[in-house]
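Undergrad: Just passing along the structure, written as C-alpha cells.
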Amino acid sequence: MKIEIGESLLLSWLRHVKECQLVQLNWKASGKWELKNRELLEQLMTVSADLFSEKYNYNLYKGNRSVDQLIGQGEIDVLGISYEEDQSYIYAIDVAFHEKGLNYGSREETVSRIIKKCLRTAMCIYGYFGFTNGSIVFASPKINPSVERELMNCVEDMNLVLRHFNLDFTIRVIGNDEFGIKIVEPVLNVLGEVADTSELFMRSLQMYNLFAGEKSSRAVRQRSVTERKSSPIPEVIEAKGLEGLEEMKIGAIVRTVLRKILEEGKVSREEIERMQTKSFSRETFHIQYPLLQKASLTPGVKPARYYSGTITIFGEEYYLCSEWYEVPANNDRPYLMKWLGMHV
C-alpha cells in the first residue's frame with residue numbers, strides 16, 4: 001500500500017502532538033455499516049449546497065444524488081481519537097501536498113472541493129461514530145495565496161452551517177507558513193523521542209539528521225585544519241524555539257521540550273536544586289509535587305506521579321513529574337510557557 005509522506009507526517013502529529021491513542025490512515029466507511037442520523041445528514045447536505053451556491057456560486061455536490069453516494073465516495077487521510085479520563089475527542093485530517101501548489105483545477109473548483117471534503121468528513125464522523133464535536137483539518141504545505149484567501153473566507157460559513165445542526169465540529173485550514181509552525185515544528189519537537197520504524201516521515205528525518213550531523217562534524221574539522229572554504233554544511237533538522245507549542249498538549253511539551261532543556265544543561269545547578277522542592281515547583285510551574293526527584297532516593301523504583309525512565313542532568317539521574325493539567329479549574333500551562341519563554 002502506498003503511503004504518502006504528508007499522511008505519515010500527520011499520523012505522527014496525531015500520535016505524538018495530539019496524543020491520540022488510536023490513529024488510522026486512509027479511513028473509509030464500509031458499505032455494510034448502517035448510516036445513523038440520515039435525516040439530519042440529508043438536511044445538512046441540502047442546506048450547505050444552497051448556502052454555498054447562493055453566496056459563492058459553488059456547486060458543492062455535483063454528481064452526488066444522495067447522502068449515501070456522497071459519503072460512499074469519501075475517504076479520510078488520517079483519523080485519530082484521543083481518550084482522556086472519561087472523554088474522547090476525534091480528529092479527521094485531509095492532507096494534500098502538491099509541489100507546485102494546491103491545485104484541483106480552477107481556483108473555484110479547488111476551493112469547492114476542499115469545502116466538500118470538510119463537510120463530508122463531518123457527515124462521516126456523525127453518521128458512523130456518533131461524535132458531535134471534534135476537529136476537522138485540511139492541511140497543505142503550499143497553497144496559492146488567492147486560493148487560501150478564498151478558502152479562509154469560507155471556513156466560518158462551514159462552521160456556522162454545522163452549528164445550525166448542533167454539530168460542534170471545528171473546521172480548520174492549515175497551510176503555508178502555518179503548516180510549518182503548527183504541524184512540522186511540533187513534530188520536530190518530539191523527533192528524538194520516537195523509535196517506531198513504521199512512522200516513515202519521522203524515520204526519514206532521523207536518518208537525515210544522522211548523516212547531516214556526521215557530515216557537519218567532518219566539515220568543521222576539515223575547515224579548521226585547511227582553513228579553506230568548503231561546500232555548505234547541511235543543517236540538522238530540529239525544532240526552532242517555541243513555535244507550534246500551542247498545538248501540543250502540556251504532557252507532550254514536558255516530555256520533550258522541557259526535558260531537552262534540562263538535559264542540555266541550560267538550567268543552572270542552583271535552579272535544578274530548587275526544582276527538587278515542592279514550594280519552588282508550585283510557585284514556578286503551579287504543580288503540586290517537586291518537578292524533579294533524584295533517582296538515587298528510590299533506587300530501582302519509579303515514584304508515583306513521575307514519568308517512567310530517568311533524565312540525566314549534570315551527570316545525575318532524575319525522575320520528572322508527570323502531574324500536569326490544563327483545565328479551567330487547574331491550568332498549569334501558562335506557568336510552564338512563561339518559564340519556557342525565559343529559557344529558550
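Undergrad: For the chain, count all C-alpha to C-alpha pairs, find those more than 33 Å apart, and express that count as a whole percent of the total. Don't jump to the answer; show the numbers that get you there.
TA: Details: 23914 of 58996 pairs.
Here the long-distance tail beyond 33 Å is 41 percent of all Cα pairs in the chain.
Undergrad: Grab the beta carbon distance between K240 and T132, set R0 = 30 Å, and tell me the FRET efficiency rounded to 0.05. Walk me through the intermediate numbers first.
TA: Values: r = 38 Å, r/R0 = 1.25.
Computed FRET efficiency for K240 and T132: 0.20.
Undergrad: What is the order of W324, W27, W13, fewest Cβ neighbours within 10 Å to most? Mind dumping the intermediate values first?
TA: Numbers: W324 21, W27 18, W13 29.
The order, fewest Cβ neighbours first, is W27, W324, W13.
Undergrad: With 28 Å as the cut-off, how large is the P(r) tail for segment 5-185, expressed as percent of Cα-Cα pairs? Write out the running numbers ahead of the final one.
TA: On the way: 3240 of 16290 pairs.
Cα-Cα pairs of segment 5-185 separated by over 28 Å account for 20 percent.
Undergrad: Sum -39500 (n - 2.57) across every DSSP H segment of at least 4 residues in the chain, then divide by the residue count to get the 222 nm mean residue ellipticity, nearest 500.
TA: Computed mean residue ellipticity for the chain: -12000 deg cm²/dmol.
Undergrad: Moving on. In the chain, what percentage of the DSSP-assigned beta bridges are antiparallel, given to the nearest 5? Show your work: numbers first, answer last.
TA: On the way: 21 of 34 bridges.
Antiparallel bridges make up about 60 percent of those DSSP assigns within the chain.
Undergrad: Largest first and in whole Å, give the semi-axes of segment 299-342's equivalent ellipsoid, each being the square root of 5 times a Cα gyration tensor eigenvalue. Before the final figure, lay out the partial values.
TA: Numbers: eigenvalues 123, 50, 5 Å².
Ellipsoid half-lengths, sorted descending, are 25, 16, 5 Å.
Undergrad: With the calculation restricted to Cα positions, what are the radius of gyration and Dmax of segment 249-344 in angstrom?
TA: 12.5, 38
Undergrad: Here's something else I'd like to know. Karplus couplings for segment 309-321 from phi (6.51 cos²θ - 1.76 cosθ + 1.60, θ = phi - 60°), rounded to Hz, Gly and Pro as x?
TA: x, 9, 10, 10, 10, 6, x, 10, 8, 9, 9, 10, 4
Undergrad: Go through Y83, S308, A29 and say which Cα lies farthest out towards the positive end of the charge dipole of the chain; charges sit on Cβ, +1 for Lys and Arg, -1 for Asp and Glu.
TA: Highest projection toward the positive end goes to S308.
Undergrad: Determine the relative contact order of segment 249-344: mean sequence separation of Cα pairs under 8 Å and six or more apart, normalised by residue count, in whole percent.
TA: Values: 120 pairs, mean separation 26.6, N = 96.
Relative contact order of segment 249-344: 28 percent.
Undergrad: As I understand it, the dipole of the chain uses +1 on the Cβ of Lys and Arg and -1 on the Cβ of Asp and Glu, about the Cα centre. Which of L262, Q288, L210 lies farthest toward its positive end?
TA: Of the options given, the answer is L210.
Undergrad: Additional query: Give me a comma-separated list of calculated 3J(HN,Hα) values for segment 99-110, in order, Karplus coefficients 6.51, -1.76, 1.60 applied at θ = phi - 60°, integers in Hz, x for any Gly or Pro.
TA: Values per residue, Gly and Pro as x: 4, 8, x, 3, 7, 10, x, 6, 4, 5, 5, 4 Hz.
Undergrad: Report relative contact order for the chain in percent, whole number only (criteria: Cα-Cα under 8 Å, sequence separation at least 6).
TA: Numbers: 488 pairs, mean separation 49.1, N = 344.
Relative contact order, the chain: 14 percent.
Undergrad: Now a separate question. Counting only the backbone N, which residues of segment 30-46 are under 13 Å from the spot 7 Å out from the Cα of Y83 toward its beta-carbon?
TA: Correct set: none at all.
Undergrad: Put a dot 7 Å past each Cα toward the Cβ at S146 and F97; how far apart are the dots in nm?
TA: Output for this residue pair reads 2.7 nm.
Undergrad: What ranking do L292, L191 get, fewest neighbouring Cβ atoms within 10 angstrom at the top?
TA: Details: L292 22, L191 18.
If I rank by nearby Cβ atoms, fewest first, I get L191, L292.
Undergrad: Return the distance in nm (one decimal) between the two label points of a simple spin-label model at K302 and E109, each offset 7 Å from Cα along Cα→Cβ.
TA: Going from the K302 label point to the E109 one covers 5.4 nm.
Undergrad: Continuing with the same structure: Is there a quick way to get the dipole size of the chain? I mean about its Cα centre, with the Cβ of Lys and Arg at +1 and of Asp and Glu at -1; what is the value in debye to the nearest 20?
TA: Working: 43 positive and 47 negative charges, 155 e Å.
The calculation lands at about 740 debye.
Undergrad: Next up: Tell me the label-point distance for the pair N330, N153, using the 7 Å Cα-to-Cβ offset, in nm and rounded to one decimal.
TA: 4.8 nm
Undergrad: If we count other beta carbons within 10 Å of each Cβ, what is the order of H164, H286, H16, fewest first? Please report the intermediate quantities before stating the final value.
TA: Working: H164 13, H286 17, H16 25.
The order, fewest Cβ neighbours first, is H164, H286, H16.
Undergrad: If you don't mind, another one. Which whole-Hz couplings ³J(HN,Hα) result when phi for each residue of segment 253-270 is put into the Karplus expression 6.51 cos²θ - 1.76 cosθ + 1.60, θ = phi - 60°, listed in order with x for Gly and Pro?
TA: 5, 5, 6, 10, 5, 4, 4, 5, 4, 5, 5, 7, x, 8, 10, 5, 4, 5
We did not get these values from a lab; they are worked out from the coordinates using the rules stated. Please read these numbers as outputs of a predicted model, since none were measured by experiment. In this analysis, Cβ positions are derived from the backbone assuming ideal geometry, glycine residues included, and neighbour counts consider all displayed protein chains.
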